1. Across region 31-63, what is the number of residues that are outside any helix (DSSP H, G or I) and either surrounded by fewer than 18 Cβ atoms within 10 Å (Cβ to Cβ) or modelled with pLDDT of 95 or more (or both)?
Amino acid sequence: MDWKETVTQVSEKVFPGISHKISDNDNIENEVMSNLPLQMALYFNVVFAPVWFVIIVIFLKENFDCYSELYKFLSVTVIVSILIAEVLRLYLGYEGNLRDKIPELAGFWMLSVLLQFPLQSLLLFNPYFNLYVVEVFVQSVMLLLLSAQLFFGYRALKFTALTQAAYFKLVKLRNDSSSAKILCKNKVL
């Protein structure tokens, strides 16, 4: 057994469904090539997100009376937006990475860049929120996971797009050669 097979088997046991094959009607198999670092970052984010949410809500309740009306509204809006976007983002990340679906992977990446990263950064770097050490630590871990997901998500999206393009070119070549053989047979008859 070579190194690649060993890693694939271990990865499949730790992250079920990470590698499987899709076959179409022409018996062309297309192996799904999930990005393992992205999948690991998503997995750790799914595990860590409830802990993050509980800690943020506990400390929000603790500090809520100290905030002005604007920051009360802003903090609740940001946390609710992050929570909703996080659930959708993680679902799209899992679906796009595990099934090699470009639209889901692109949606995951765009939600991460355009919504999640600015909101998470606002929670961490805004000096008016008066964060405790635990909040800073938890928020830093979330921002680190998000940064890793952005990096690996971009690489996975690029690789998946190139792989899908090569696959569709192969299918088109096969279909073109099949139609060419049929035309040649008709000319001979």
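The values are calculated or read from the model by the stated rules, or taken from the named source; none is laboratory data. This structure is a prediction, so every number in the text was calculated from the model and none was measured. Because the Cβ atoms are built from the backbone with ideal geometry, glycine has one as well, and the counts that use them run over all protein chains shown. When the accessible area is computed, the model is the full protein with side chains, heavy atoms only, and any ligands, DNA or RNA have been set aside. Shrake-Rupley method; radii C 1.70, N 1.55, O 1.52, S 1.80 Å.
1. Filtering region 31-63 for residues outside any helix (DSSP H, G or I) gives 31-35.
Checking the rest, the ones that are also either surrounded by fewer than 18 Cβ atoms within 10 Å (Cβ to Cβ) or modelled with pLDDT of 95 or more (or both) come to 31-33.
The qualifying residues number 3.
Conditions tested, residue by residue: (1) open to solvent by 60 Å² or more (accessible area, probe 1.4 Å); (2) part of a helix (DSSP H, G or I); (3) modelled with pLDDT of 95 or more.
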| residue | (1), (2), (3) |
| --- | --- |
| TRP109 | yes, yes, yes |
| SER112 | no, yes, yes |
| TYR128 | yes, yes, no |
| MET142 | no, yes, yes |
| GLN149 | no, yes, yes |
| PHE152 | no, yes, yes |
| ALA161 | no, yes, no |
| ALA165 | no, yes, no |
| LEU183 | yes, yes, no |
